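The values are calculated or read from the model by the stated rules, or taken from the named source; none is laboratory data. If you're wondering where the values come from, they're calculated on a predicted model, not measured in any experiment. Here the Cβ positions follow ideal geometry from the backbone for every residue, glycine too, while neighbour counts run over all protein chains shown.
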Protein chains: 2
Amino acid sequence: MRRTLLAITLASLFALPVLADQTRPTPTTKELLAQSKPQEWRTPAPANLLDMKLPGGHVLIELAPDFTPLHAANIRTLVHEHYFDGLAIVRVQDNFVTQWDDPAADDEDKAHVKPLGEAKATLPPEFTRAIDPKLEWTPLPDGDVYAKEVGFSEGFPVARDPGHGREWIAHCYGTVGVARDVGPQTGNGSALYAIIGQAPRGLDRNLAVAGRVIEGMELLSALPRGPVPMGFYTDKSMRVPIESVRLAADLPAAERPKVEVLRTDSPTFARLVEAKRNRRDAFYTQPAGAIDLCSIGIPSRMIK
Amino acid sequence: MRRTLLAITLASLFALPVLADQTRPTPTTKELLAQSKPQEWRTPAPANLLDMKLPGGHVLIELAPDFTPLHAANIRTLVHEHYFDGLAIVRVQDNFVTQWDDPAADDEDKAHVKPLGEAKATLPPEFTRAIDPKLEWTPLPDGDVYAKEVGFSEGFPVARDPGHGREWIAHCYGTVGVARDVGPQTGNGSALYAIIGQAPRGLDRNLAVAGRVIEGMELLSALPRGPVPMGFYTDKSMRVPIESVRLAADLPAAERPKVEVLRTDSPTFARLVEAKRNRRDAFYTQPAGAIDLCSIGIPSRMIK
């Protein structure tokens, strides 16, 4: 029997306790989600849900207007104008980011750069926001290397500096950020990136976070890496064309992506976090006893 | 000017300070490595250097016999027997692991399972080891969510529990671990995985770490993801064949991979860590002030 079952507990079938101090193994994600209640799931607002169609399928992104309202508005304008249709993924840097924008902006001759239309060319940074007690806040108990407090707010992984009264979405796997030039006001949402590796938390508070990929990450994370150092597809044939990006609110109801996200303030989410903090079963005999903000995936599901 | 330059500082050309309290921007990795001295680089011992040839190129892995000596010995035996030649990458789970082993072990009919030859079928776990003050230890100053102490030892990212006198290689991006069945002694090195996403530190102390990928990660990280939940290539045509795995020590000197790794106890590595902890330049105006163990890449270079 050499069958290898790393992380077997993700789909665990084992029900026998292996340690004296426990009566049942930690429930799996599958088991916990199966016990969730319908009201623990939310449907992203159509005004915040982007559907990016790539040759391989659909990437769904939820905007975060509670954290970056001006960027959300500008991205909605760009998408409404079909700005991204025909643009491309231009950069994939291993263990860092996948970036999409207007490839013509990379050309020496800027004659074919797509105009931004009604969208603004520059925006205030929105790198952090004032902590607002009216927003949902689900803290994590295990601390963080980078911030005083971390947890989830309105469905996003968030870090906080209570001393300065600021909070921001953390650059975790799947976070979608606003690429920019050197100046802090040079980002406008026409160039976006998604984190595809170890959370580069040094980007926190230096870039605006537009939102988060909720479905389809593998369409961004499994692409060929571009040449070092920054992963730009200098061979233009590597670029991945964007067929379209649509805002759910701009689509007839029947054509909107039918997706739900587990509420991060729900009892089931709390159970998932605890199960991950202290997984103990036939395979995992040494519970971690802690969990990092960016190691907690937020479950989502497509509705038939 | 909409040119997007996220992480421009990786190849920064900017020399103008942007804040009053600094006189020079944080040096880039490229600049720091350019100033490194030859003796700050080491050549992995040929007995610890694996060269895995895939259709797309070579993956170089350094074994970690200081931490998992019995596993290193068994893997050397398997490689010496050409055990891995003709096996395959059988699983890629997004934001988790890429795994390679004998696909025939997945078949219901085990008739074609490759024998282990002189290698052992089971090994003591080696999930942690006693802290040995004779090993190099370069601590990090910013703490860790999972362990009391973290740092680098003998070129590997390591976590420690001083209270119990134990240490272990952390499951960071690029860490190579030993897949196993449910029992803790069922791993033998014939099935291995590499971490390709956010560090799954919950695996620490539950699995043996064989070593670390030092070159070629993009050949493991950019592969198509298999179907959820665990990413196994149930469509066998997706499997990536392993052409060969060789131990440098088994090759004539002229055929060994010529690679060097920056010493983690070198002044240049310390400068790299500090530059990452407190990057401040024209682009990064808000230094992180901290760095996570698994966010520190260990530079390597191929020698012509």
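Just to be sure, is B:P224 within 25 Å of A:Y173 (Cα to Cα) and at pLDDT 95 or above?
Values: within 25 Å of A:Y173 (Cα to Cα): yes; at pLDDT 95 or above: yes.
Criteria met by B:P224.
If you check B:D161, B:D204 for being over 30 Å from A:M302 (Cβ atoms), surrounded by 22 or more Cβ atoms within 10 Å (Cβ to Cβ) and assigned by TED's automatic domain parsing to the domain that holds B:A88, only one passes: B:D204. The C-beta contact set for segment A:167-180 (first residue under 14 Å from A:S295 (Cβ atoms), second residue of a type in the set (D, E, K, R), distance under 6 angstrom, 6+ apart or interchain) comprises A:A170/A:D204; A:H171/A:R201; A:H171/A:D204; A:G174/A:R212; A:T175/A:R212.
How many residues, within segment A:99-115, are at the interface with chain B (Cβ under 8 Å from one of its Cβ atoms), assigned to a loop (DSSP other than H, G, I, E, B) and not charged (D, E, K, R)? Please lay out each step first, then the result.
Of segment A:99-115, the ones at the interface with chain B (Cβ under 8 Å from one of its Cβ atoms) are A:99, A:101-102, A:105-106, A:113.
From the residues that got through so far, the ones that are assigned to a loop (DSSP other than H, G, I, E, B) too are A:102, A:113.
From what's left, not charged (D, E, K, R): A:113.
The total comes to 1.
The residue that is nearest to B:T98 (Cα to Cα), among those in segment A:231-264 that are of a type in the set (S, T, N, Q) and in contact with an Asp or Glu (Cβ under 8 Å, 6 or more places away or on another chain), is A:T264.
Out of the residues in segment B:84-98 that are over 13 Å from B:S221 (Cβ atoms) and facing chain A (nearest Cβ under 10 Å), which is surrounded by the most Cβ atoms within 10 Å (Cβ to Cβ)? Among those residues, the one meeting the criterion is B:R91. B:E118 meets each of the listed conditions (1) surrounded by 15 or more Cβ atoms within 10 Å (Cβ to Cβ); (2) free of Cβ contacts under 8 Å to residues at least 60 places away in the same chain; (3) not small (G, A, S) apart from (1).
Screening B:S244 with (1) more than 28 Å from B:H58 (Cα to Cα); (2) surrounded by fewer than 21 Cβ atoms within 10 Å (Cβ to Cβ); (3) at pLDDT 95 or above gives one miss only, at (1). Suppose we filter segment B:216-230 for residues that are more than 18 Å from A:V97 (Cβ to Cβ), small (G, A, S) and either within 9 Å of chain A (Cβ to nearest Cβ) or in contact with an Asp or Glu (Cβ under 9 Å, 6 or more places away or on another chain) (or both); how many remain? Residues meeting the conditions: 1.
For segment B:113-131, check the following and say yes or no: at least one residue is modelled with pLDDT under 95 and of a type in the set (D, E, K, R). No, there is no match, as no residue in segment B:113-131 is modelled with pLDDT under 95 and of a type in the set (D, E, K, R). Listed by position, the strands (runs of 3 or more DSSP E) enclosed by segment B:186-256 that each have at least 2 residues that are within 30 Å of A:P287 (Cβ to Cβ), touching a residue at least 12 places away in the same chain (Cβ under 8 Å) and out of contact with any His (no Cβ under 9 Å at 6 or more places or on another chain) are B:192-195, B:209-215. Residue check: A:R180 meets all listed conditions (1) within 18 Å of the chain's Cα centre (by Cα); (2) within 7 Å of another protein chain (Cβ to nearest Cβ) but one, namely (1).
Please indicate, with yes or no, whether at least one residue in segment A:282-300 is closer than 19 Å to B:P229 by Cα and assigned to a strand (DSSP E or B). Looking through segment A:282-300, at least one residue is closer than 19 Å to B:P229 by Cα and assigned to a strand (DSSP E or B).
The rows are residues; the columns are (1) in the same structural domain as A:S36 (by TED's automatic domain parsing); (2) polar (S, T, N, Q); (3) modelled with pLDDT of 95 or more; (4) within 30 Å of B:L219 (Cα to Cα).
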position	(1), (2), (3), (4)
A:V228	no, no, no, yes
A:F232	no, no, yes, yes
A:R239	no, no, yes, yes
A:P257	no, no, yes, no
A:A275	yes, no, yes, no
A:F283	yes, no, no, yes
A:D292	yes, no, yes, yes
A:I298	yes, no, yes, yes
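Taken over segment A:145-166, residues that are out of contact with any helix residue (DSSP H, G or I) (no Cβ under 9 Å at 6 or more places or on another chain), within 15 Å of A:S295 (Cα to Cα) and part of a strand (DSSP E or B) amount to 1.
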